[in-house]
Amino acid sequence: MKAKDKIVFEPIGVAHTPFKEQAGTPIQPKAGKGVQGKIEILQELTEGLADLDGFSHIIVLFHLHLSDGYKLKVVPYMDEQERGVFATRAPRRPNPIGLSVVRLQRVEDNVLHICDVDMLDGTPVLDIKPYTPHFEPDEEFKSGWLQQVGRTVSSRCADERFKSSKPEEININHKELKERKETS
């Protein structure tokens, strides 16, 4: 791949959650246990949601839209020590893509009702996939530096360390997504 080659993604929808700013937002779905939200999919993509309601959990890929810039070494939320960004789930990354496995409560038309939310309100959703534990490897996992602190994730929320210089009011809604798609 050449440096000048670009990969362009268009959001398929937007997340609606109770979290309006980064500080205080759960840092992973386990920390957002019980928090409810919705994902509104573009109306013209509704047919693609067929059969999704048979799954208890979904994988949500999303754009970390309030992240600007990155460093290759960061102090992650769950540590006091600097780590390589690719050994963390820090939001400021070369490609600001987030991934969460959330509980799917129900599907109504183009709206997914979800639980265990860790996304900001207005987060652009890039893709949704069913979570299937049968597809995951059976072998034992190693958690690197997170082996000890990872057990405390359920009590962790974001603080100010990755606060964006972008305005907190950034909020993409369904109408804006449709307008973007029509003009491109």
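Taken together, the values in this text are just the output of simple stated rules run on the coordinates, not laboratory data. Worth saying up front: this structure is predicted, and the values here are computed from it rather than measured. Here the Cβ is made from the backbone with ideal geometry for all residues, glycine too, and neighbour counts use every protein chain on show.
Data for the structure
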item: Cα extents of segment 1-113 along the three principal axes, largest first (Å); result: 43, 39, 24
item: Mean Cα-pair separation over length for segment 71-114, i.e. relative contact order, pairs under 8 Å, 6 or more apart, %; result: 24
item: R0 of 35 Å, Cβ-Cβ distance R106-L72: FRET efficiency to nearest 0.05; result: 0.30
item: Antiparallel content of DSSP bridges confined to segment 11-133, in %, to 5; result: 100
item: FRET efficiency for I97 and T132, using Cβ-Cβ distance with R0 set to 25 Å, rounded to 0.05; result: 0.75
item: Separation in nanometres of the label points that stand 7 Å from Cα toward Cβ, at S56 and E82; result: 4.3
item: Loop GluC sites (Glu not before Pro), segment 1-81, which have at most 16 other Cβ atoms in a 10 Å radius of their Cβ (DSSP); result: E21, E80
item: Given K38/K129; K33/K71; K6/K38; K71/K129, the pairs whose alpha carbons are separated by over 26 Å; result: K33/K71; K6/K38; K71/K129
